[in-house]
Amino acid sequence: MTSPKVPNPTDILRAAQSAVEAAQAVAASAFDTAVRTPQASAQLAAQLPDTLESLAVTVERLNRTVDRLDRTLSLADPLFATLDRIMPRLEQLAATAEDVRKLLARLPGVDTLGRITGVSFDDEPAPVTKPPKPRGRH
């Protein structure tokens, strides 16, 4: 068996000096970093944990909202499919109603009937006018 090498006092002194130099280098680097870090950066670094916590809460709320929206849209999907099927019929019905309105507007006496009843068959509705304010003597 070989015996482990026993360091002599000079080896121990050199190792200690090397450790001291390494520690001083690390301390100097840390000091340089601390001195060069602006105050705003230090404040920002101090607020980082709270900011990350708020971000995590916000992302969780966003995920819940997206899930809720997805469920709502999946429930509304049959409604949208039905609207897609009946939309052409509704458009045809509106066009037919417009044609009937135009035909009625051409009948004789409809203008007089419209004035009596207040119903207008014009293409554009008449603008609503306010009655003039009475001018009185004070």
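Derivation of every value follows stated rules applied to the coordinates shown; laboratory data play no part. The model shown is predicted, which means the values in this text are computed figures rather than measured ones. We place every Cβ from the backbone using ideal geometry, glycine too, and count neighbours over all the protein chains shown.
The stretch between Glu21 and Val66 holds 10.5 nm of extra length on full extension. This uses 0.36 nm per residue minus the Cα-Cα distance. Electrostatic tally near Ala76: other residues with Cβ closer than 14 Å to its Cβ, Lys and Arg +1, Asp and Glu -1, net -1.
By the scheme Lys and Arg +1, Asp and Glu -1, what is the net charge of all other residues having a beta-carbon under 13 Å from that of Thr96? So the surrounding residues net to 0.
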